[in-house]
Amino acid sequence: MNRVNLLVLIDQLEALVEKAPEVPLVGKVLVDADELLDLLDIIRAAVPEEIKRAEAVSSERERMIAEGQEQVERMIAKAEEYAAKLVSNSEIYRQAEEESKLLLEETKRRAKEMQAGAEEYALEKLAQLHEVLSRALAEIERGQEALQRKDQPRERMEM
């Protein structure tokens, strides 16, 4: 199945409203209900795809964080192993201790950078998804309101 872009669908929904003929004096338009409902069905089907993509982004973020933590642990173990080998005399020991501290600090700094990058990426993707879904929901609500307003005069006439 081709990936349906919600923004394209929203643009189509907007075009449907914009090309619809206006009702004189009331500032409303007549929209082809079948076309509108078909487009809304497509949007409803596309929303789960956007959610799946957001979940994938979240999973990727978690994987990146876990990978970074594993890398940090390996680096720490390597630094500790290196420090233990250099214990042979006091000068070498002092140097090893200093280097291991620097290595440990550098490792922690890199881990924080990796985590921050992964979180920033995930937040960006989630913000994009939020914007798309908000716009889609707003368009759907406007469409429903327009259809409800269109149906209300009919109901009064039937009474």
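Considering only residues that are farther than 19 Å from K52 by Cβ, surrounded by fewer than 13 Cβ atoms within 10 Å (Cβ to Cβ) and of a type in the set (A, V, I, L, M), which ones fall in the stretch 99-142?
L102, A116, A138
If you check L40 against the conditions, is it touching a Pro at 6+ places or on another chain (Cβ under 6 Å) and farther than 30 Å from R110 by Cβ?
no
For the structure I just gave you, tell me whether L86 is of a type outside the set (K, R), under 17 Å from the mean Cα position of the chain (by Cα) and at pLDDT below 90.
Here the answer is no, as L86 does not meet what is asked.
Identify the residue in the stretch 1-53 that is touching an Asp or Glu at 6+ places or on another chain (Cβ under 8 Å) and in a strand (DSSP E or B) and, among all such residues, is surrounded by the most Cβ atoms within 10 Å (Cβ to Cβ).
So, considering only residues that are touching an Asp or Glu at 6+ places or on another chain (Cβ under 8 Å) and in a strand (DSSP E or B), the one surrounded by the most Cβ atoms within 10 Å (Cβ to Cβ) is V29.
Any idea which of (1) over 12 Å from A122 (Cβ atoms); (2) surrounded by fewer than 13 Cβ atoms within 10 Å (Cβ to Cβ) is the one A56 doesn't satisfy?
(1)
For the condition in contact with a helix residue (DSSP H, G or I) (Cβ under 6 Å, 6 or more places away or on another chain), part of a helix (DSSP H, G or I) and not hydroxyl-bearing (S, T, Y), what is the one hit in A127, A77, A122?
Checking each option against the conditions leaves just A122.
Residue check, R61 against (1) among the basic types (K, R); (2) at pLDDT 85 or above; (3) surrounded by fewer than 15 Cβ atoms within 10 Å (Cβ to Cβ), all met but one. Which one?
Of (1) among the basic types (K, R); (2) at pLDDT 85 or above; (3) surrounded by fewer than 15 Cβ atoms within 10 Å (Cβ to Cβ), only one is false for R61: (3).
Which one of the conditions (1) at pLDDT 90 or above; (2) of a type in the set (D, E, K, R); (3) farther than 30 Å from V17 by Cβ; (4) over 23 Å from the mean Cα position of the chain (by Cα) does E113 fail to meet, given that it meets all the rest?
Tallying (1) at pLDDT 90 or above; (2) of a type in the set (D, E, K, R); (3) farther than 30 Å from V17 by Cβ; (4) over 23 Å from the mean Cα position of the chain (by Cα), E113 fails exactly one: (4).
Acidic (D, E) and in contact with a Phe, Trp or Tyr (Cβ under 9 Å, 6 or more places away or on another chain): does that describe E49?
no
List every residue pair whose Cβ atoms sit under 6 Å apart, with the two residues 6 or more apart in sequence or on different chains, where the first one lies in the stretch 63-78 and is closer than 13 Å to R109 by Cα and the second, anywhere, is surrounded by 12 or more Cβ atoms within 10 Å (Cβ to Cβ) and β-branched (V, I, T).
Close Cβ pairs (under 6 Å, with a partner that is surrounded by 12 or more Cβ atoms within 10 Å (Cβ to Cβ) and β-branched (V, I, T)) amount to V72/T107; M75/T107.
The values are calculated or read from the model by the stated rules, or taken from the named source; none is laboratory data. Keep in mind it's a predicted model, so treat the numbers as computed, not measured. Here Cβ is always computed from backbone atoms with ideal geometry, including for glycine, and neighbour counts include all displayed protein chains.
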